[in-house]
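Student: Below is the structure I would like to discuss, written out as structure tokens.
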Amino acid sequence: MKTKDLQNNSIDIAEAAALIQAGEVVAFPTETVYGLGADATNDEAVQAVFTAKGRPADNPLIMTVGDASQLSAYVEVSHQARQLMNTFWPGSLTIILPIKENAVSMLVTGGLQTAAVRMPDNQATRAMIRQAGTPIVGPSANLSGKPSPTTAAHVHHDMDGKIAAVLDDGPTQVGLESTVIDLTAAEPTILRTGAVSQKMLTVVLGKQVIDGTSQKSLAADETPKAPGMKYRHYAPDKPVIVFDPLDFNDLKESLQEGDAIMASEELLADLSKTIPSWSLGADLASASENLFAGLRYFDDQGEVNKIYAQAMPDIDLGKAYNNRLGKASGGQRFTL
Ligand code: TXA
Ligand code: MG
């Protein structure tokens, strides 16, 4: 089975929706990264998503909806949840809520009594979900452990022949996965950083939101709150080393054959053109947008065997960027 390329037009959206209804897996665009869609109420279809990704069964999936009214049959939507949805949806926030009894498949929740729900900021995808008439599961469309895909070409790279189709709506805008907030904990708790920051959430809820991502890392046999965060993630095959922009001059002097650099336009302006490089653009937003694409690009360059990537200031979106880069590097940093 060759994976079909569908474009963002009404005929192709209808075909994507029909494939979802038929129990097939279709990759879809969002503003964060591409996802792998399948009917969340069809266990065989959900199982096919785990198989295509090579994802462990204890890592639950996000239920992705076209509009918030699709949710009431499945989860308990509290006042706090409604406040967040009104402010941030459609957009880069995933909310963990209690499920209604027996309303969501154990395959989707990984056996938990909670489910993650999200409404992405992409018109084509929301139209597809509404036409399919069912929520879809929506993990990132990469092979488990690899950087998330930010273009349809990345999806083809990982999923060709494994899924029915990709709905192509060009490159994604945010480039990092959504923020995950748990509203089932005693206090609202961030389980994964993303474009919606702790500060933004705290303002809307009018109470302190806990950053649950800064806790010590978990041992393999511990159960983390967001099961997905225990796995090595976002990593290309080649080693990634994080550098502080203040160390750039020292780094330049220590570069060797086969080293590649991912850095801001400003830093790259000073770098010899013979060194393989990937621009992270002018600011934090462009760095986030281009991070995963750069990691994937160098993974496919035969002459590159090590990737140096620039750290960003550790606030707001910078926290999400540094978190993904930290996981890609396995904690390796450039030091003198
Ligand atoms: O931006 C995104 O969220 C993308 C796009 C495609 O929507 N999707 C995405 O899905 O990143 P995924 O499956 O790669 O990441 C979802 C994260 C995982 O870390 C998972 O463990 C966690 O959410 N999660 C899902 N259900 C959960 C639950 N009931 N309780 C706690 N964590 C949950
Ligand atoms: Mg993922």
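Student: Under 10 Å, Cα contacts only: if you run a Gaussian network model on the chain, which one of THR134, THR193, THR51 comes out with the highest mean-square fluctuation?
Tutor: Taking springs between Cα atoms under 10 Å, the residue moving most is THR51.
Student: Going 7 Å from the Cα of THR51 toward and past its Cβ, which residues in segment 165-193 have a backbone nitrogen under 16 Å from where you end up?
Tutor: Under cut-off, by backbone N: 165.
Student: Can I ask one more? Within segment 232-300, report the trypsin sites (Lys or Arg not before Pro) that DSSP leaves as loop and that have at most 11 other Cβ atoms within 10 Å.
Tutor: Sparse-neighbourhood loop trypsin sites (Lys or Arg not before Pro): ARG232, LYS273.
Student: Most mobile of ALA195, ALA282, ALA68 per a Gaussian network model of the chain (Cα springs, under 10 Å)?
Tutor: Of ALA195, ALA282, ALA68, the most mobile in the Gaussian network model is ALA282.
Student: Would you mind giving the average projected area, over all directions, of the Cα convex hull of the chain in nm² with one decimal? If you can, show how the numbers build up before the last one.
Tutor: Details: hull surface 67.8 nm².
That works out to 16.9 nm².
Student: Order by neighbour count: TRP89, TRP278, fewest other Cβ atoms within 10 Å first, most last.
Tutor: On the way: TRP89 18, TRP278 21.
With the fewest neighbours first, TRP89, TRP278 line up as TRP89, TRP278.
Student: What residue among ASP169, ASP211, ASP39 has the largest mean-square fluctuation in a Gaussian network model of the chain, using Cα springs under 10 Å?
Tutor: Largest GNM mean-square fluctuation: ASP211.
Student: Quick one: which residues, 5+ away or cross-chain, put their amide H under 5 Å from the amide H of VAL75? H built at 1.01 Å from N.
Tutor: When sequence neighbours closer than 5 places are left aside, the close amide H contacts are LYS100.
Student: Relative contact order for segment 42-183: what percent, with Cα pairs under 8 Å and sequence separation of 6 or more?
Tutor: Numbers: 219 pairs, mean separation 45.2, N = 142.
Worked out over segment 42-183, it gives 32 percent.
Student: Taking the beta-carbon count within 10 Å as an exposure proxy, list HIS233, HIS157 from fewest neighbours to most.
Tutor: Neighbour counts put them in this order, fewest first: HIS157, HIS233.
Student: Based on the Kirkwood radius over alpha-carbon pairs, what value in µm²/s does the Stokes-Einstein equation return for the translational diffusion coefficient of segment 118-160 at 37 °C and 0.692 mPa s?
Tutor: In µm²/s, the coefficient rounds to 280.
Student: Give me a comma-separated list of calculated 3J(HN,Hα) values for segment 15-29, in order, Karplus coefficients 6.51, -1.76, 1.60 applied at θ = phi - 60°, integers in Hz, x for any Gly or Pro.
Tutor: 5, 4, 5, 5, 4, 4, 4, 7, x, 8, 9, 10, 7, 9, x
Student: Would you mind ranking LEU295, LEU191, LEU284 so that the residue whose beta carbon has the fewest other beta carbons within 10 Å leads the list?
Tutor: Values: LEU295 26, LEU191 22, LEU284 18.
Starting with the residue having the fewest Cβ neighbours, the order is LEU284, LEU191, LEU295.
Student: Convert each backbone phi in segment 189-198 into a coupling constant with the Karplus relation 6.51 cos²θ - 1.76 cosθ + 1.60 (shift: θ = phi - 60°), then list the ³J(HN,Hα) values in order as whole Hz, x for Gly and Pro.
Tutor: 10, 7, 9, 8, 6, x, 5, 8, 8, 4
Student: Given the options ASN8, PRO239, ASN59, identify the residue whose Cα lies farthest towards the positive end of the charge dipole of the chain (+1 on Cβ of Lys, Arg; -1 on Cβ of Asp, Glu).
Tutor: Checking the options against the dipole of the chain, the answer is ASN59.
Only the coordinates and a few stated rules stand behind these numbers; no lab work does. Please read these numbers as outputs of a predicted model, since none were measured by experiment. All Cβ positions, glycine included, derive from the backbone under ideal geometry; neighbour counts span all protein chains shown.
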